[in-house]
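This report concerns only the one structure given below.
The values are calculated or read from the model by the stated rules, or taken from the named source; none is laboratory data. These numbers were taken from a predicted model, which means no experiment stands behind them. So basically every Cβ, Gly included, is an ideal-geometry build from the backbone, and we count neighbours across all protein chains shown.
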Amino acid sequence: MDGEILFISHRIPFPPNRGDKIRSHHILRRLARMAPVHVVCFADDEADLAEEVELATLSASYLLRRRTKSLPLAGVQALASGKPVSLTAFYDARIAAYVREVLAQGRVKTIFVYSSQMGQYIPDDFTGRVIMDFCDVDSVKFEAYAREKSGPMACIHAREARLLAAEEVRLTQRADVSLLISHKEAELFRSRLPGDVAARSRVQVLGNGIDSDFFDPALVDAETRVVGEGAPRLIFTGQMDYPPNIAAVQRMARAIMPLVRVKCPQASFHIVGRAPTEDVTVLDMLDGVHVWGRVEDVRTWLKAADMAVCPLDIARGVQNKVLEAMAMELPVVLTSSAATGINAVPNHHFAVADSDAALAAAIVELASNPRGAAIMGKDARRLVVERQSWQSALAPLVDMMVAEPQVRRDAA
């Protein structure tokens, strides 16, 4: 490919220990194999800042900024400017200046933007290639939040949904390629674009993969703190200050677990993930429920479990937590929303159900059939190894990075 790359991300892609970081991490590494990459990103905390050495090793140059703007301040600025809160929360004057400085050198021919919050940094006068990775349709997520809330919060989420939808249209018009994480997300995204924009735009799928060499049950021992709990041992992993994850574990602990324990009275549910909110930690007081918070190596916890559960109501894109559990040979019980984008056969590679009663019944059925559960887990890992590698998932990037930029074609 021609020229260098500017990679703009809302979070540092190190370490790859949460869904968005896992995707950006592998994309950045793939881009760095094609050309020198200049990286711009935010750090959420001191742990992120400690990863700066990894960023320096991989990039031709970089700017890592600690994100300190509070959500209330971002909200006030958003109201004053008429912009989405998501954009104002991620605006930083130093990043905007750095982008101009890097582009002024004239060597960057491609800007790759990861997450719609960061599209605001694409200069209007840049004539090179622009690839916009939306991952999923953020505006739809906020529409769902608005439906679930009432009063002022419903209005706030509805405003965010409306403004983000307009930003998605603007960025699609600006980009040469707009990426979504699954065919379902891509179809949804296209359906929300004005007809003329949809006709002109190149909307493509760039799926998620999994490092099955790392997520291999043969490489780790089971976490003893889980092994000692009642069976079946059910596990949910993820970032536990993320609203859809919070809602999922609340649903599991309060609605589904009581149904499971009617048939399996010793069943235990283990919530594993960083930054659990008070709404999550309080679940630890319920019978059979354990909140563990951040752990050193999630693989050991997955290996200690009998089954992974993912009762997500709001799920955008491909769930890395599901792929990781499948790679660790765990049978997975999940909602149809959480199964989106995974090329698997329901009731063969995982069990799909949507109501509380159906999810509980699927868990009990697998718990009562250990041999069938073990076969499902092995088939799940085989599927991940053969079809869900990062190498195959990111293969389309090569063609995108050599295609003639739309802006240049239009100007010709």
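Take the conditions crowded, with 19+ Cβ neighbours inside 10 Å and in the same structural domain as PHE126 (by TED's automatic domain parsing) and apply them to ALA198. Does it pass?
No: the conditions fail for ALA198.
Cβ-Cβ below 8 Å, separation at least six or inter-chain, first residue in the stretch 1-28 and within 15 Å of LEU63 (Cβ to Cβ), second assigned to a helix (DSSP H, G or I) and among the polar types (S, T, N, Q): which pairs?
Listed by first residue and then by second, the contacts come to SER9/SER24; HIS10/GLN117; ARG11/SER24; PRO13/SER24.
Tally up the residues in the stretch 98-139 that are in contact with a Lys or Arg (Cβ under 7 Å, 6 or more places away or on another chain), farther than 17 Å from SER61 by Cα and among the β-branched types (Val, Ile, Thr), please.
Adding up the residues that qualify gives 4.
Among the residues of the stretch 19-42, count how many are crowded, with 18+ Cβ neighbours inside 10 Å and either within 13 Å of the chain's Cα centre (by Cα) or within 14 Å of ILE111 (Cα to Cα) (or both).
16
Looking at the stretch 28-54, which of its residues are at pLDDT 95 or above and closer than 20 Å to ALA96 by Cβ?
VAL37, HIS38, VAL39, VAL40, CYS41, PHE42, ALA43
Only residues that are out of contact with any strand residue (DSSP E or B) (no Cβ under 7 Å at 6 or more places or on another chain) and of a type in the set (Phe, Trp, Tyr): list them for the stretch 134-167, please.
Once the filter is applied, which keeps residues that are out of contact with any strand residue (DSSP E or B) (no Cβ under 7 Å at 6 or more places or on another chain) and of a type in the set (Phe, Trp, Tyr), the stretch 134-167 yields PHE142, TYR145.
Can you name every residue in the stretch 43-63 that is among the β-branched types (Val, Ile, Thr) and either over 17 Å from ASN17 (Cα atoms) or outside any helix (DSSP H, G or I) (or both)?
THR57
If a residue has to be over 29 Å from the mean Cα position of the chain (by Cα) and of a type in the set (Lys, Arg) to count, how many in the stretch 93-113 make the cut? Step through it out loud before you land on a result.
Here is the first cut: in the stretch 93-113, the ones over 29 Å from the mean Cα position of the chain (by Cα) are 101, 104-107.
If we keep only those that are of a type in the set (Lys, Arg) too, we end up with 107.
Number of matching residues: 1.
What pairs come up if the first residue lies in the stretch 108-137 and is over 24 Å from GLY209 (Cβ atoms), the second is in a strand (DSSP E or B) and of a type in the set (Asp, Glu), and their beta carbons are under 7 Å apart, counting only those six or more places apart or on different chains?
Here the result reads VAL108/GLU4; LYS109/GLU4, each pair linking the stretch 108-137 to a residue that is in a strand (DSSP E or B) and of a type in the set (Asp, Glu).
ASP196: charged (D, E, K, R), over 22 Å from the mean Cα position of the chain (by Cα) and in a loop (DSSP other than H, G, I, E, B), yes or no? Full working, then the answer.
Values: charged (D, E, K, R): yes; over 22 Å from the mean Cα position of the chain (by Cα): yes; in a loop (DSSP other than H, G, I, E, B): no.
The answer is no for ASP196.
Looking at MET257, MET240, MET252, which one is surrounded by 23 or more Cβ atoms within 10 Å (Cβ to Cβ), part of a loop (DSSP other than H, G, I, E, B) and in the same structural domain as VAL322 (by TED's automatic domain parsing)? Before the answer, list the steps.
Details: MET257 fails: part of a loop (DSSP other than H, G, I, E, B); MET252 fails: part of a loop (DSSP other than H, G, I, E, B).
Of MET257, MET240, MET252, the one residue that is surrounded by 23 or more Cβ atoms within 10 Å (Cβ to Cβ), part of a loop (DSSP other than H, G, I, E, B) and in the same structural domain as VAL322 (by TED's automatic domain parsing) is MET240.
For GLU324, state whether it is touching a residue at least 40 places away in the same chain (Cβ under 8 Å) and among the acidic types (Asp, Glu).
Judged against the criteria, GLU324 is a match.
Identify the single condition in (1) under 26 Å from LYS141 (Cβ atoms); (2) at pLDDT 95 or above that VAL226 does not satisfy, given that it satisfies every other one.
The one condition VAL226 does not meet is (1).
When the residues of the stretch 260-303 are narrowed to those that are crowded, with 18+ Cβ neighbours inside 10 Å and among the β-branched types (Val, Ile, Thr), which ends up farthest from ASP45 (Cα to Cα)?
It comes out as VAL260.
Among the candidates ALA144, ALA166, ALA97, which residue alone is surrounded by fewer than 20 Cβ atoms within 10 Å (Cβ to Cβ) and touching a residue at least 12 places away in the same chain (Cβ under 8 Å)?
From the options ALA144, ALA166, ALA97, the qualifying one is ALA144.
How many residues does the stretch 102-150 contain that are modelled with pLDDT under 95, farther than 19 Å from PHE90 by Cα and among the β-branched types (Val, Ile, Thr)?
2
Kindly provide the set of residues from the stretch 260-274 that are farther than 18 Å from LEU312 by Cβ and touching an Asp or Glu at 6+ places or on another chain (Cβ under 8 Å), ordered by number.
Selection gives ARG261, SER268.
So, in the stretch 223-255, how many residues would count as being closer than 23 Å to ALA357 by Cα and in contact with a strand residue (DSSP E or B) (Cβ under 8 Å, 6 or more places away or on another chain)?
Of the residues in that region, 13 qualify.
Is it true that some residue in the stretch 254-277 is free of Cβ contacts under 8 Å to residues at least 24 places away in the same chain, hydroxyl-bearing (Ser, Thr, Tyr) and over 19 Å from LEU330 (Cα atoms)?
no
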